[in-house]
Amino acid sequence: MFEVVSNEVLAPDLHRMQVKAPRVAAARKAGQFVIVRSAKGDERIPLTIGDADPVAGAITLFIQAIGAATRKLVAIPAGGFIRDVAGPLGMPTEIEKWGRVACIGGGVGTAVLYPMAKALAAAGNSVMTVIGGRSKSLIILADQLSAFSDELKITTEDGSLGRQGFVTAELEVMIADPERRPDAVFAVGPVPMMRAIAEQTRPHGIKTIVSLNPIMIDGTGMCGGCRVVIQGKSKFACVDGPEFDAHQVDFDILIDRLSMYQKEEAHACQLASTATKA
Ligand code: NAD
Ligand code: FES
């Protein structure tokens with residue numbers, strides 16, 4: 001059992017949870033994730049390790065309550081317990097001294113970007129961060145990211161904060177400016193955003209890494225649930241990723257596979273809400 005140290009609402013339907021998991025906190029590297037189960041028999045939920053405090057033996061998780069299982073997880077208060085926290089899983093972020101890196105976070109993907117950007121800054125890179133969301137209330141971690149970023153730009157689709165539009169508008173300006181043109185780009189967010197960024201950087205030959213979030217079940221490379229196609233070859237995001245070269249990702253297959261269980265998820269949510277009302 002793993003104790004929940006704190007549980008706070010960061011944005012609508014997005015929670016930041018600190019969980020006691022000393023072995024994971026000591027071993028994890030940026031980019032890795034855990035698989036969590038609220039109680040015995042519950043659905044397994046893959047979650048990026050947002051941060052870790054090896055001294056306190058705690059990890060930070062960012063949880064978007066979008067389905068029945070994630071809603072149950074975020075309902076566990078501080079002092080409560082999570083049945084399983086398995087990890088760290090996946091390959092760590094490729095941390096190199098790239099020079100100037102652009103770190104781009106779209107919506108909830110910003111929580112996954114945070115540990116990558118922090119590790120890239122710690123390795124001596126100059127980090128230019130862009131985060132975007134539909135509106136001001138959905139912009140997260142701006143202060144935490146600006147603490148180590150050389151510059152932080154914000155975009156909102158409704159113009160309520162920063163530049164009006166998508167994160168790609170800020171990246172376009174960076175690429176066009178010889179003083180700010182990134183040597184590498186790290187992007188995490190909705191699939192259409194990551195695909196758009198891959199197409200933006202491809203003609204310029206800028207190395208681009210994306211973090212993929214296909215459906216995961218066991219997290220050990222055995223079930224095949226997280227299969228993605230990279231440069232025409234099947235890979236498993238849980239053991240070969242979740243980060244891949246954006247220019248090699250087959251985004252069409254990723255989109256198809258992500259929509260496979262939409263009907264079942266809607267049904268599970270309906271059952272959970274009926275059970276809550278009863
Ligand atoms: P959203 O749809 O509100 O988009 C957030 C921002 O991403 C937008 O404001 C915009 O700046 C950018 N964006 C979106 N579509 C774009 C496009 N076509 N071109 C350029 N920029 C674009 O995001 P949300 O609702 O917070 O996120 C939900 C999605 O993010 C879900 O699909 C979820 O699966 C995904 N997600 C991915 C990861 C990951 O690891 N890749 C992690 C968490 C969430
Ligand atoms: Fe089962 Fe990756 S989650 S193979």
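The values are calculated or read from the model by the stated rules, or taken from the named source; none is laboratory data. Since the structure is predicted, the reported quantities are computational estimates derived from the model, not experimental observations. All Cβ positions, even for glycine, are placed from backbone atoms using ideal geometry, and neighbour counts span all protein chains on display. Just so you know, the surface numbers come from the protein's heavy atoms only, side chains and all, with ligands and any DNA or RNA stripped out. Shrake-Rupley method; radii C 1.70, N 1.55, O 1.52, S 1.80 Å.
Observations on the structure shown:
- Among the residues of the range 36-72, those identified as free of Cβ contacts under 8 Å to residues at least 40 places away in the same chain and within 15 Å of ligand 1 (Cβ to nearest atom) are I45, L47, T70.
- Qualifying residue in the range 21-29 (condition: within 16 Å of ligand 2 (Cβ to nearest atom), under 30 Å from V127 (Cα atoms) and open to solvent by 50 Å² or more (accessible area, probe 1.4 Å)): no
- Checking each residue in the range 204-245 for being more than 20 Å from the chain's Cα centre (by Cα) and either closer than 19 Å to V101 by Cβ or part of a loop (DSSP other than H, G, I, E, B) (or both) picks out H204, G205, I206, M222, C223, G224, Q231, G232.
- Scanning the range 1-25 for residues that are farther than 26 Å from A187 by Cα and of a type in the set (G, A, S) turns up S6, A21.
- All conditions in (1) over 24 Å from S259 (Cα atoms); (2) open to solvent by less than 40 Å² (accessible area, probe 1.4 Å); (3) not hydroxyl-bearing (S, T, Y) hold for F33, with the sole exception of (1).
- Close pairs (6 angstrom Cβ cut-off, 6 or more residues apart or separate chains): closer than 25 Å to K97 by Cβ in the range 185-196, among the aliphatic types (A, V, I, L, M) and within 6 Å of ligand 1 (Cβ to nearest atom) anywhere: V188/V112
- Residues in the range 236-269 that are farther than 15 Å from M216 by Cβ, at pLDDT 80 or above and surrounded by 12 or more Cβ atoms within 10 Å (Cβ to Cβ): D245, A246, H247, Q248, V249, D250, F251, I253, I255.
- Answer residue from the range 212-234, given it is near ligand 2 (Cβ under 9 Å from one of its atoms) and open to solvent by 60 Å² or more (accessible area, probe 1.4 Å) and is nearest to D252 (Cα to Cα) among those: R227
- Matching residues in the range 147-164 - criterion: being surrounded by 15 or more Cβ atoms within 10 Å (Cβ to Cβ) and either within 9 Å of ligand 1 (Cβ to nearest atom) or not in a loop (DSSP other than H, G, I, E, B) (or both): L152, K153, I154, T155, T156, R163
- Residue, farthest from ligand 1 (Cβ to nearest atom), within the range 124-146, restricted to residues that are in a loop (DSSP other than H, G, I, E, B) and open to solvent by 40 Å² or more (accessible area, probe 1.4 Å): G124
- Test for P115: is it modelled with pLDDT under 95 and either among the basic types (K, R) or in a helix (DSSP H, G or I) (or both): yes
- The conditions of being away from ligand 1 (no atom under 11 Å from the Cβ), open to solvent by less than 20 Å² (accessible area, probe 1.4 Å) and not in a loop (DSSP other than H, G, I, E, B) are not met by L171.
- Residue in the range 185-198 that is open to solvent by less than 50 Å² (accessible area, probe 1.4 Å), over 22 Å from the mean Cα position of the chain (by Cα) and within 14 Å of ligand 1 (Cβ to nearest atom) present: no
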